[in-house]
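Colleague: Mind having a look at this structure? Questions to follow.
The values are calculated or read from the model by the stated rules, or taken from the named source; none is laboratory data. Computed from a prediction, not measured in an experiment: that's the story for all the values here. Because the Cβ atoms are built from the backbone with ideal geometry, glycine has one as well, and the counts that use them run over all protein chains shown. Note: accessible area is taken over every heavy atom of the protein model, side chains too, but ligands, DNA and RNA are not part of it. Shrake-Rupley method; radii C 1.70, N 1.55, O 1.52, S 1.80 Å.
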Amino acid sequence: MFPSVREVLELDPVRNGAPRVVAGERGLDQAVRWVHSSEVPDIATLLRGGELILITGIGLPPDDAGLRRFVAEIADVGACGLAVEMGRRFEQRLPAVMVRTAEELGFPLVELHRGTPFVLITQAVHGMIVDAQLAELRATAEIHQRFTDLSVEGAAPAEVVAQTAALAGAPVVLENLSRQVLAYDAAGGSAELLLANWEAHSRAVQPAGRTGHDAGKGWLVTVVGARGQDWGRLLIRLPVARDRDVTLIERAAATLALARLTKRDEHQDALERQAQSALLVALVGHTAPVADVIVRAKALGVHLERRQLVGVVLRGCSAGVAARALRDTSLAGLAGALDGDLVGVLLALRAAEDEPDALRRLAVRVRELAGGAVVVAAGEGVATPREARRSLLEASQVAVSVRRPAAGPGDVVRLADVGLPGLLHMLRDEPRLQTFVERELGPLLAHDARNPREQLLGVLRVYLECGRNKSAAAEHSHLSRPAFYERLARIRRIIGADLDDVQACLSLHVALLALDAQRD
């Protein structure tokens, strides 16, 4: 928003004064917030910071100690530079004591060797500042309008990120709490370079506060979340962050958080599938009385009372495929889109004995129609519509936890088939699980990111997988026992955990499995 001292020196009114920088060149990029002209020797008491001082020097102290104090005081209160017109008090050059003091402080000191009206300099600089402020206001208004439109349109995260990159003119990355990239825009650059070794790079970016700029790494960062539930970070690669950039990233984060809160399922075009999807969503989300769902399902030709109801969730196919599979197999039920890429089916069977055969037939036909590997997960069969929600939720949890394709065309996954790795895979996007992993393994992951040749996480993994048998773990790692023990000691110091304690090791092992699920 504000011009730098260097930019001010390039203005015509200043150039007409034949400026010469005699000290403090390293401070020339400081922002000039105002121009102040005064011959008062104690002018430092009138300053607030960011001022460029213009003087002729007639009011300066007569002795070296006074001149040193004058320069030190205006630098100390945050002035960004001092320009002295030569000829009134000083003829050819400024006193050495002023030059030396300014250089020690990195404070720009400028000699003006031709007379120039200070008012022209003041007008020119203040005009730049006003123009910049108006441009800033227009840019801020555009940011708010752009993201308001995106919120109204229900834009996807990728579109929000793309718009942020366009407004910032810089690469943008949206990540979750495990440092996994959810969306990105390289702003015309190389995506491969942007995302190379992203997790380690991201862990090194640690600004202060919810929104902050890590100048060393060159990233502006803000936390994304709402209602006290943080679920990610938004990052813009910027060497310097302006007020406008802070407004931009926070507005973008708010749009992403709002989209997550207000996201609604996208239903199929067919009215019948729309209606069925709405009924499934109502059952799962408790958004309508069960009695109403029963009546509306009956109107669609699906009877839910006095039936064996089985919740089935499919991953890897469309709701249209599920609906057609129901028709092709002559099975009664509701089919529709659920959250994310999941499709729900609520089978309404006449008898519990029909359940195994019905599930097998449905699975076979879905995979035939989809022409690929589709996950078919089923919840426990229930006897009443009020229990149908539990069966659908159980099937959803199983579906998202499955990590391997089915062995046969008629295979159906049930809750009993899901162990701890599957459970953690199911919960991999849960912020509380991600926070647990960061708390348990964060220091070790950060250490490995800084020291890529050591990779102590692998040593910890071998130790835990060998049942805390140090000799076996050392042999498995192809390390001598002393070397392996030394690395265990370093791990203990880094994470602050007793690796001989069963409970501590259990927590670490669960965190490792959760980390694997997040990276899968």
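Colleague: Could you grab the Rg to Rh ratio for the chain? Cα atoms only, Kirkwood for Rh.
Modeller: 1.17
Colleague: What is the range 152-258 by shape, rounded, prolate or oblate, if you read a ≥ b ≥ c off the alpha carbon gyration tensor as root eigenvalues and call it rounded for a/c under 1.5, prolate for a/b larger than b/c, and oblate otherwise?
Modeller: Note, shape of the range 152-258 comes out rounded.
Colleague: Normalised by the residues of the range 291-353, what does the relative contact order come to in percent, with Cα pairs under 8 Å and at least six apart?
Modeller: Contact order relative to length: 39 percent.
Colleague: Could you tell me what percent of the DSSP beta bridges with both partners in the chain are antiparallel, to the nearest 5?
Modeller: So the antiparallel bridges in the chain amount to around 75 percent.
Colleague: How big is the dipole moment of the range 69-132 about its Cα centre under a simple scheme where the beta carbon of each Lys and Arg is +1, that of each Asp and Glu is -1, and everything else is neutral? Debye, nearest 20, please.
Modeller: The dipole of the range 69-132 has a size of about 240 debye.
Colleague: State the dimensionless ratio Rg/Rh of the range 36-105 (Rg: radius of gyration of Cα atoms; Rh: Kirkwood radius).
Modeller: Ratio of gyration radius to Kirkwood radius: 0.91.
Colleague: Let me ask something additional. Percent relative contact order of the range 72-152, based on C-alpha pairs within less than 8 angstrom and at least six residues apart?
Modeller: 30
Colleague: Stokes-Einstein diffusion coefficient for the range 16-61 at 10 °C in a medium of 1.306 mPa s, Rh from the Kirkwood formula over Cα pairs: what value in µm²/s?
Modeller: Taking Rh from Cα pairs, D becomes 130 µm²/s.
Colleague: Between Lys470 and Leu195, what is the label-to-label distance in nm when each label sits 7 Å out along the Cα-to-Cβ direction?
Modeller: If labels sit at Lys470 and Leu195, their model points lie 4.2 nm apart.
Colleague: At 1.4 Å probe size, with the rest of the protein present, what percent of the exposed accessible area of the chain is carbon and sulfur atoms?
Modeller: 51
Colleague: Same structure, new question: Once you keep just the Cα pairs under 8 angstrom separated by 6 or more residues, what percentage relative contact order results for the chain?
Modeller: 9
Colleague: Right, next: Under a Cβ-Cβ cut-off of 12 Å, what is the net charge of the residues other than Pro95 that fall near it, where Lys and Arg count +1 and Asp and Glu count -1?
Modeller: The answer is 0.
Colleague: While we're here: What percent antiparallel are the DSSP beta bridges of the range 10-119, to the nearest 5?
Modeller: That works out to approximately 25 percent antiparallel.
Colleague: Which value, in Å² and to the nearest 10, is the accessible area of Cys80 when all protein chains are kept and the probe is 1.4 Å?
Modeller: The value for Cys80 is about 0 Å².
Colleague: Right, another one. What net charge is computed for the residues neighbouring His201, neighbours being all others with C-beta under 12 Å from the C-beta of His201, Lys and Arg scored +1, Asp and Glu -1?
Modeller: Around His201, the charge tally is +2.
Colleague: Could you please report the charge total around Arg68, scoring K, R as +1 and D, E as -1 over all other residues with beta-carbon less than 13 angstrom from its beta-carbon?
Modeller: -4
Colleague: Order the peptides 342-348, 231-237 from the highest to the lowest mean number of other Cβ atoms within 10 Å of their residues.
Modeller: Highest mean packing first, the order is 342-348, 231-237.
Colleague: Need one word for the range 199-354: rounded, prolate or oblate. Basis is the Cα gyration tensor (sqrt eigenvalues a ≥ b ≥ c); a/c below 1.5 gives rounded, then a/b vs b/c decides.
Modeller: prolate
Colleague: No solvent, one uniform scatterer per C-alpha: report log10 I(q)/I(0) for the range 144-185 via the Debye equation at q = 0.25, 0.31 1/Å, two decimals.
Modeller: -0.85, -1.03
Colleague: Also, I was wondering about something else. Treating the beta-carbon of each Lys and Arg as +1 and of each Asp and Glu as -1, no other charges, what is the dipole magnitude of the chain about its Cα centre, to the nearest 20 debye?
Modeller: 1000
Colleague: At a 10 angstrom cut-off on C-beta neighbours, averaged per residue, how do the peptides 386-397, 151-162, 66-77 rank from highest to lowest?
Modeller: Taking the mean over residues of other Cβ atoms within 10 Å, the ranking is 386-397, 66-77, 151-162.
Colleague: Hey, what's the Kirkwood Rh for the range 85-171 if you take every pair of different alpha carbons, in angstrom?
Modeller: 17.8
Colleague: With a 1.4 Å probe and all protein chains left in place, how much accessible area per residue does the chain have, in Å²?
Modeller: Per residue, the chain has an accessible area of 49 Å².
Colleague: Helix-only mean residue ellipticity at 222 nm, the chain, DSSP H runs n ≥ 4 weighted -39,500 (n - 2.57), per residue, nearest 500. What is it?
Modeller: Value at 222 nm, helices only: -15500 deg cm²/dmol.
Colleague: Rounded, prolate or oblate for the range 379-520? Axes are the square roots of the Cα gyration tensor eigenvalues, ordered a ≥ b ≥ c, and the cut-off for rounded is a/c under 1.5.
Modeller: The shape class here is prolate.
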